[in-house]
Amino acid sequence: MNGMKLLKARNEIVRFGRKMVTSGLTVATGGNLSVADRGEGFIAISPSGVDYFEMKPSQVTVVTMGGEKVEGRGEPSSELPLHLALYRKRSDVRAVVHTHSLYATTVASLGWEIPAFHYLVGFSGKKVPLAPYATFGSEELARNVAEAVKDYNAVLMASHGMVAVGDSLAGAFSTAEIVEFLARVYCQVKALGEPNLLPDTEMGRVMEKFKQYRQGGR
């Protein structure tokens, strides 16, 4: 056990995989998570089709940045191309969380983005953008999401779900939870009328404050 590559990351994936289910961000074996060790040049990613509550660290697969499997009893998630594309696109990303959460998936299935109707949108950026639909696990889907992510921390995936990125698995997971909250509120607002949107200048201030908050500032 102690000789396994990326042991800490694999343990995190097991823990947050279970939390994905208990937090209502996915059901059954849906969704996937990964952690990159850019120094070592490896990525730990949740295995395909394994129940999160039965998953063991030894089943979490380790692949190279090029996607070649080097360790793990399981096969890497079918969305491995998506994770690889995000790591290639953004050198600051060290973790990816992909979920099928109820409200984010609802908004994405309507073909909507989430605009700056609430200040917490700033955890993603000035909005939560939408990536066009493509078949799950495909290189086309990976390209669509990588093109949409730009400098955002979350992307809705049309008729599919959402993905969040961060400099840690805890950070990416937190963003995924916040986006699901925002998607739920946005659905409720749209059921009653049209939301009031915050201006770009205010969102810029909010994002700067969030940056200080993450860094432990006041």
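Return the pair list, or none, for Cβ contacts closer than 8 Å from residues in segment 115-135 that are surrounded by 20 or more Cβ atoms within 10 Å (Cβ to Cβ) to residues that are hydroxyl-bearing (S, T, Y) and in a loop (DSSP other than H, G, I, E, B), at least 6 apart or on different chains.
S124/Y152; V128/Y152
Looking at segment 1-37 only, could you name the residues that are open to solvent by less than 10 Å² (accessible area, probe 1.4 Å) and of a type in the set (K, R)?
Listed by number, the list holds a single entry, R10.
What's the total number of residues in segment 56-82 that are buried (at least 20 other Cβ atoms within 10 Å of the Cβ), in contact with a Pro (Cβ under 8 Å, 6 or more places away or on another chain) and not β-branched (V, I, T)?
Qualifying residue count, segment 56-82: 3.
How many residues does segment 91-103 hold that are surrounded by fewer than 22 Cβ atoms within 10 Å (Cβ to Cβ) and under 13 Å from the mean Cα position of the chain (by Cα)?
Counting residues in segment 91-103 that are surrounded by fewer than 22 Cβ atoms within 10 Å (Cβ to Cβ) and under 13 Å from the mean Cα position of the chain (by Cα) gives 3.
Working carefully through the options V62, V107, V97, find the one that is in contact (Cβ under 8 Å) with a residue 12 or more places away in the chain and in contact with a Ser or Thr (Cβ under 8 Å, 6 or more places away or on another chain).
Every option except V97 fails the conditions.
So, S174, is that one small (G, A, S) and either open to solvent by less than 60 Å² (accessible area, probe 1.4 Å) or modelled with pLDDT under 95 (or both) or not?
Answer is yes for this residue.
Which of the following residues is over 10 Å from the mean Cα position of the chain (by Cα) and surrounded by 16 or more Cβ atoms within 10 Å (Cβ to Cβ): V155, V145?
None of the other options fit; the residue is V145.
Mind listing whichever residues of segment 1-41 are of a type outside the set (D, E) and in a strand (DSSP E or B)?
Looking only at segment 1-41, we keep the residues that are of a type outside the set (D, E), and these are 1-11, 13-36, 38-39, 41.
Once the filter is applied, which keeps residues that are of a type outside the set (D, E) and in a strand (DSSP E or B), segment 1-41 yields N32, L33, S34, V35, A36.
The values are calculated or read from the model by the stated rules, or taken from the named source; none is laboratory data. What you are looking at is a predicted structure, and each value in this text was computed from that prediction instead of being measured. With ideal geometry, Cβ positions are generated from the backbone for all residues, glycine too; neighbour counts draw on all protein chains shown. Protein only, heavy atoms only, side chains kept; ligands, DNA and RNA dropped before computing areas. Shrake-Rupley method; radii C 1.70, N 1.55, O 1.52, S 1.80 Å.
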